[in-house]
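The values are calculated or read from the model by the stated rules, or taken from the named source; none is laboratory data. Just so we're clear, the structure is a prediction, and the values are computed from it rather than from any experiment. When we count neighbours, we look across all protein chains shown, and the Cβ atoms used for this are built from the backbone with ideal geometry, even at glycine.
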Amino acid sequence: MKRTVERTVGLLVVDPIVCDGHGLCAELLPELIEIDDWGYPILRSAAVPRELAAYARRAVAACPVLALKLTPTE
Amino acid sequence: MTFEARLLAGPAFGAGMEPYAAHRARLGQLPPPRPELIDTLVASGLLGRGGAGFPVGRKWQAVESRSQADARILVNGAEAEPLSAKDRALMHSRPHLVLDGALLAAGVLGAREIVLYVGARHIDARRSLQRAIAERGRLRVPVRIVLAPDAYVAGEESAAVHFVNAGDARPTVTPPRPFESGIDGSPTLVQNVESLVHVALIARGGDAWYRSLGRGETRGTALVTVSGAPYGGVREIELGTRVGEVAAVSGVAPGSAHAVLLGGYFGRWLTREQAWAVPLDPQALRAAGATFGAGVISFLPADQCGVAATATVLEYMAAQSAAQCGPCVFGLRSIADTTMALATNSAVVHDLDRLERWTGQINGRGACRHPDGAVAMLMSAMAAFGPDFASHARGRGCEVAAALRPAA
Amino acid sequence: MSDQLLWFASRGSGIVSLLLLTTVTVLGLTSMVRWQRPTWPRFLTNDLHANLALLSVVFVGVHVTSAILDPFTNLGIYAATIPFASSYRPLWVGLGVISVYLFVALIITSLVRERLGQRAWRLVHWVAYAGWPLAVVHSMGSGSDAFAPWMMGIEALCIGVVALALIWRVAAGRTNREQLPAVVGASRRVHAPYADGDHR
C-alpha cells in the first residue's frame, strides 16, 4: 500500500463547472482519461503514477479552460 | 404507531403559528447556549433531516472549530423537494422552535448572524417567521430572511450559500464546503429546519430523552411526508416504524399501492413486497437498497406504471439541472428521454443497455449530487420494476393498466 | 551589399512573420471550432497555434532588428519601440509597433497562464485579436514592396484565409457551455410530478 502511494505524483481533478468538453486531456493522457458519450472527460483513475507525470502536466497545461488540475500528493 | 408526539405536539398544525407566549408556556424558557450542547447532540445521535443524514453534532463541531466569532447560521428552509412538506409545516406552525434552534446554534458556534433561507413559494411559512421574529423583539444575533428561488437545486447547501453571497442559487464546486468557507467566506452551518427543531427540543430535554423513542439503532422521531394515499401529509414517526404501518395509517388499502418512492425524487423505489416490512431507519433503509432522504414516502397506486412514474420524475430532474456541468445536462437529458421512450412503448432495441451504460457514466461527475440522485432513483426503479422495464422495451407495456401517453 | 542584405532581411522576415501570424490566427479560430479528424487530434491545433506563435517571435525579432540596423531606413530604437515615433511613415510603422506589443502580451500571458488564471488570460487574448489586423495594415502601409503584385497577392491570401476562418467560426455556432441552458430548457416537464397539495 505504501509503495503505491510513493509512486503517485499527484491527483487529477476536473472542475466540472469550468470543463467544456474540449477533450484535449483525453488525447494527451489516454491511460487515465477517457471521454464519455457527450464529450466530457471521465477520470478512470485520479492517481497519477510517476511514469505519467510529464504527460499529466502537459494535459493540464493543454486544457483550453484550465479545468484540469493536478494536486501534488504531500 | 402511537407515541407521545414531539415535533407535532401542541396546537394543531396548519391552523397558524404558535405565538411566543404559548410557545414559552408549553415548552419553558429556552436554555442558554452552552458549548456542552455540542456533546449532547453528538450523544443523541441526531442525524440531519435535509436529505444527507449527516450527524448534526459532528457538523456543529466542524463549524465550531473554525469559528472565530464570525460564523454564520443558514437555516435551510428552501424545501425544494416537491414531495416534502415537513419543513414548511414547521416554519408555518412552529416558527419559534425554528428560531430557538437557530439561536442555540448561533450562541454555541459564535455566529454573527442567522439567515433564514425560505423557499419563495412558502408564503405562509415566511409570514409566520416574520411575525415570530417581531414577537421576539431584540435578539442577540441579527436574523434576516432570504427567499430561496423556486428551483430544485436551490436547496443544495453550496447553492444556498452561493445565493446568499452572490444572488446565484447554483451549486459551486466543493471543497471548500460551507463549514469551512460559506457566507462572506466565514464558517457557515447550513442546517435543515427540522434538524434545528430537534436541537431546540434536545436542548430542553437532553440526549437521553431524545433517545428514549425509536425502534432500532437510530433513535428518536422524525417527520415524514406521505403522498399517494388518502390520508397523506406530514406525520411524525418513531424512527424504525415500518413502511407498512405508515401505509395503513395513511389509508393505503391492501393491494392499492404496488410500490413506494422513499426519500424524495433523488430517493429509491421499492416494491410493495420489499418495502412494507422495512423499518424507516436510515441504516435499515440503506441495507435494503433505499434511503431515508428527506423523509418522503410516496406510494405509487396500483394502476400507475412504475416505468412511467420514473420517466416523469427523470424529466423533472433533467429540467431542474443547474445547467453548469456537461455530464448532468446531457446525461440526465439522455436517461430521461430514453426512459420516456420506454414508458410510451416507443423504445428502440438496446435502450436498456444504454441506460445501464449511462448510469455508470453520470455518477459523481457533476459539481453537486443532483445527477447522482437522479441516477440512483433510476437504478432503483430498474431493480424494482425490472420485468416492467423489460416488457416496455419489447414495446408491450406492462401489466399495469394505465400506460403513459406521450407527454404533450 | 550589406545594406541591401539588411533591407532584404527586414522585408523577408517581415513577410514570413505576416504569414506565420496569419497561420497562428487561423489556427486559433479553428481551435474554437473544435475541428478534428482521426489524423488531426484537437491538441495538434492548439500546440501548433502556440508553437508557431513562439516561432513568429523569432522572425519578428529579426524583422525589427534588421530594420533598426539598416542604415538606409533611419529607424532608431525609439521608432521601433514607441508607436508613431518613427520619422519614416510614422502611422504604419507605429501600428506595427503596437501589433508587436499585443503579440508579446499574448505570448507572455500564455506562458504563465496557469499562474495567471483563466480569466485574465482570456481578457488579454481577446484584446490581442487586434494584433493580426494591425500587422496586415502595417505591412500594407510601411513596406516598400506594398504595391508589388506578388506582395498584394500575399496580402490578399492572408486576409482571405483569416476571413474564411472567421466565417467558419461564426457558422459553427455556440460552444458546449452556451448550449447547456438551452438543452435543460428544452425539457417539456416543468411541473413536479406526483406532488400533492399546494405549496404554501
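What to note about this one:
- Among the residues listed as C:56, C:31, C:10, the single one being at pLDDT 90 or above and in a helix (DSSP H, G or I): C:56
Rundown of residues vs (1) within 11 Å of another protein chain (Cβ to nearest Cβ); (2) in contact (Cβ under 8 Å) with a residue 60 or more places away in the chain; (3) closer than 16 Å to residue B:363 by Cα; (4) out of contact with any strand residue (DSSP E or B) (no Cβ under 9 Å at 6 or more places or on another chain), yes/no style:
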{"site": "A:21", "(1), (2), (3), (4)": "yes, no, no, no"}
{"site": "A:45", "(1), (2), (3), (4)": "no, no, yes, no"}
{"site": "A:50", "(1), (2), (3), (4)": "no, no, no, no"}
{"site": "A:55", "(1), (2), (3), (4)": "no, no, no, no"}
{"site": "A:67", "(1), (2), (3), (4)": "yes, no, no, no"}
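- Exactly one residue out of C:60, C:100, C:93, C:26 is buried (at least 20 other Cβ atoms within 10 Å of the Cβ), closer than 18 Å to residue C:131 by Cα and either more than 17 Å from the chain's Cα centre (by Cα) or polar (S, T, N, Q) (or both), and it is C:93.
- Boolean, residue C:42 is touching a helix residue (DSSP H, G or I) at 6+ places or on another chain (Cβ under 7 Å) and over 20 Å from residue C:155 (Cβ atoms): yes
- When residue B:189 is tested against (1) outside any strand (DSSP E or B); (2) within 18 Å of residue B:111 (Cβ to Cβ), just one condition goes unmet, and that condition is (1).
- Condition check for residue B:166: buried (at least 22 other Cβ atoms within 10 Å of the Cβ), among the hydrophobic types (A, V, I, L, M, F, W, C) and not assigned by TED's automatic domain parsing to the domain that holds residue B:365: no
- Selected residue (criterion: nearest to the other protein chains (Cβ to nearest Cβ)) from residues of the stretch B:340-370 that are assigned to a helix (DSSP H, G or I) and within 16 Å of residue B:266 (Cα to Cα): B:362
- The set of residues from the stretch C:143-156 being assigned to a helix (DSSP H, G or I) and surrounded by 13 or more Cβ atoms within 10 Å (Cβ to Cβ) comprises C:151, C:152, C:154, C:155.
- Selection within the stretch B:386-402: residues that are part of a loop (DSSP other than H, G, I, E, B) and farther than 17 Å from residue B:354 by Cβ. The member of this set that is farthest from the chain's Cα centre (by Cα) is B:396.
- Any chance residue B:327 is under 22 Å from residue B:157 (Cα atoms) and either in a helix (DSSP H, G or I) or in contact with a Ser or Thr (Cβ under 8 Å, 6 or more places away or on another chain) (or both): yes
- In the stretch B:51-80, the residues that are touching a helix residue (DSSP H, G or I) at 6+ places or on another chain (Cβ under 7 Å) and in a loop (DSSP other than H, G, I, E, B): B:53, B:67, B:78, B:79, B:80
- Residue B:211 being surrounded by fewer than 20 Cβ atoms within 10 Å (Cβ to Cβ), touching a residue at least 40 places away in the same chain (Cβ under 8 Å), basic (Lys, Arg) and out of contact with any Cys (no Cβ under 8 Å at 6 or more places or on another chain): yes
- Residue match in the stretch A:31-40 (condition: of a type in the set (A, V, I, L, M), more than 9 Å from every other protein chain (Cβ to nearest Cβ) and loosely packed, with under 14 Cβ neighbours inside 10 Å): no
- Hey, residue B:160 assigned to a helix (DSSP H, G or I) and buried (at least 23 other Cβ atoms within 10 Å of the Cβ) or not: yes
- Flag if residue B:339 is under 22 Å from residue B:320 (Cα atoms), at pLDDT 90 or above and crowded, with 22+ Cβ neighbours inside 10 Å: yes
- Residue within the stretch B:134-145 that is without any contact (Cβ under 8 Å) to a residue 12 or more places away in the chain, within 14 Å of chain C (Cβ to nearest Cβ) and surrounded by fewer than 24 Cβ atoms within 10 Å (Cβ to Cβ) present: no
- Unmet criterion (only one of (1) touching a helix residue (DSSP H, G or I) at 6+ places or on another chain (Cβ under 8 Å); (2) within 10 Å of chain C (Cβ to nearest Cβ); (3) more than 23 Å from residue B:49 (Cα to Cα)) for residue B:305: (2)
- The stretch C:155-182 residues that are farther than 15 Å from residue B:323 by Cα, paired with ones that are aromatic (Phe, Trp, Tyr) (beta carbon under 9 Å, 6 or more apart): C:158/C:132; C:162/C:132; C:168/C:35; C:172/C:35
- Selection count where residues are assigned to a helix (DSSP H, G or I), without any contact (Cβ under 8 Å) to a residue 40 or more places away in the chain and not β-branched (Val, Ile, Thr), scope the stretch C:103-142: 19
- Filtered residues of the stretch B:347-377 (kept if crowded, with 16+ Cβ neighbours inside 10 Å, acidic (Asp, Glu) and farther than 16 Å from residue B:153 by Cα): B:351
- Filtered by the rule that a residue be touching a Lys or Arg at 6+ places or on another chain (Cβ under 9 Å), within 13 Å of residue B:8 (Cα to Cα) and away from chain C (no Cβ under 14 Å), the stretch B:85-118 gives a lone residue, B:95.
- Verdict on residue A:65 being β-branched (Val, Ile, Thr), more than 24 Å from residue B:357 (Cα to Cα) and part of a loop (DSSP other than H, G, I, E, B): yes
- Residue within the stretch C:169-180 that is among the acidic types (Asp, Glu) and under 19 Å from the mean Cα position of the chain (by Cα) present: no
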